[in-house]
Structures are given as C-alpha cells and as structure tokens.
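Here is the structure we will look at, set down as structure tokens.
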Amino acid sequence: MKGTRKLKTTKVRQKKKIGRIVLYFVFAIVLSGGVIYFAHADMLRIKTVRVGGETTVDANVVEVRVGELIASSYFGFLPKSNALVYPRREIEQILGTEFPRAETVEASLTSFHDLEVTITDRTPLFTWCEGGNNDAEHCFFVDQNGYLYAPALATTGDTGIVVRGPLREDAIPLRNFYVTPHTFALVKTLVETL
C-alpha cells in the first residue's frame with residue numbers, strides 16, 4: 001500500500017512539473033507576442049521627421065537620411081521606427097559625420113510619432129586658402145577648433161578673414177584639422193586680434 005501511495009505521489013509530482021513547464025511555455029509565448037505586438041504597434045511608430053535648428057543643411061536630405069536609418073530593424077523583427085527603441089545615438093553620429101557643417105546634432109522625440117532633429121552649424125572663424133588659390137577647390141572654412149569643414153571661396157563674406165598658407169598633407173579631404181594644434185593656436189590668436 002505504501003508503494004502504491006509513493007507511485008501515485010511521484011505521478012502527481014510529474015504531472016505538476018509538466019503543468020508548470022506548459023504554463024511557463026504559454027507565458028513565454030504570450031509575453032513574446034505582446035512584445036512583438038507593441039514593437040509593431042502603430043501607436044508607437046515614428047511617422048514624421050522634422051529638422052530644426054540654425055543650419056544651412058538641406059532639411060529634406062536630413063529627413064530622407066533619418067527615414068533610411070529608421071526603416072530597418074533590430075534582430076530582424078524589432079523596427080527601429082518604434083519610438084521606444086529608435087537609434088538616437090546612431091542618428092546623431094551618422095548625421096554629424098555625413099554633414100560636416102553640423103557642429104551639433106540632437107535627435108529627440110516630441111511625441112511617439114514625431115522625431116525632431118536639431119542641427120547647429122559650425123561658425124567659421126576664417127577662410128583658409130592653400131597658397132595663392134582663391135577657388136573652392138583650395139579654400140575651406142575653418143571653425144574655432146581648426147577643423148576644415150566646408151569648401152569656400154576666398155571672396156565669400158562669411159568670415160571676412162582669409163588666411164593663406166600650406167595645408168597639412170592629411171588635411172584634405174575635409175573633416176580634419178588643417179595644422180597642428182600649437183600652430184592653430186597661434187593663427188587663432190592672430191585672427192582674433194585683427
């Protein structure tokens with residue numbers, strides 16, 4: 001009789017164990033389904049990208065680029081256009097790289113459907129022209145850190161100051177510093193005293 005009771009107790013334990021496993025499995029499926037539902041829910045999708053700030057960067061180009069960045073998904077199923085997981089840092093980093101005029105790029109949600117990208121342009125300290133050339137192929141805007149960020153004509157009135165001299169060989173293409181930091185500090189001091 002004790003052996004039968006022990007056998008029944010073991011069977012009951014096995015049934016409970018199987019029941020818990022089935023319950024955990026159903027819970028995992030429901031939880032996964034909920035995550036996937038909310039990941040694709042229209043109420044959490046970014047639908048509008050707006051560009052603001054003091055910038056000369058073409059807003060339409062920025063909107064299209066951000067649209068491309070949020071069109072893909074994480075792990076093949078979690079859309080980057082979901083307002084809870086959109087790639088804010090990636091957007092800021094890529095736009096800062098692709099648009100060298102941008103000194104700062106900030107992406108933020110104004111609602112679950114609206115993403116605002118605020119861009120602030122670099123302020124040119126002066127125009128640097130290589131040698132005696134005055135064309136945009138050899139002249140560049142330089143910001144307060146010595147960063148070459150955009151082609152310029154020596155005749156443009158954006159800076160009012162044109163400095164001429166050789167560039168470091170690695171200063172071209174743009175998005176680089178045109179001279180060593182020590183030399184730039186001397187040039188900057190000279191330009192600021194003018």
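Read the figures in this text as sums done on the coordinates, not as results from a lab. It should be emphasised that the depicted structure is a prediction, and the values quoted were computed from it without experimental measurement. Note that each Cβ is placed from the backbone with ideal geometry, even for glycine, and that neighbours are counted across all protein chains shown.
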Taking 105-111, 26-32 and ranking on average Cβ neighbours within 10 Å, highest first, one gets 105-111, 26-32
Quick calc: nm separation of the 7 Å Cα→Cβ label points for THR104 and ARG45 -> 3.3
Here the gain from full extension of LEU31 to ALA71, 0.36 nm per residue of separation minus their alpha-carbon distance, amounts to 11.9 nm
Here the convex hull volume per residue of segment 35-89, taken over Cα atoms and given in Å³, is 83
Which residues qualify? For VAL51, with a placed amide H closer than 5 Å and at least 5 residues away or on another chain, they are VAL117
Descending packing, highest mean Cβ count within 10 Å first, for 116-125, 65-74 is 116-125, 65-74
Distribution output for segment 1-127: share of Cα-Cα pairs per 10 Å bin in percent, first bin at 0, values 11, 29, 18, 12, 9, 8, 6, 4, 1, 0, 0
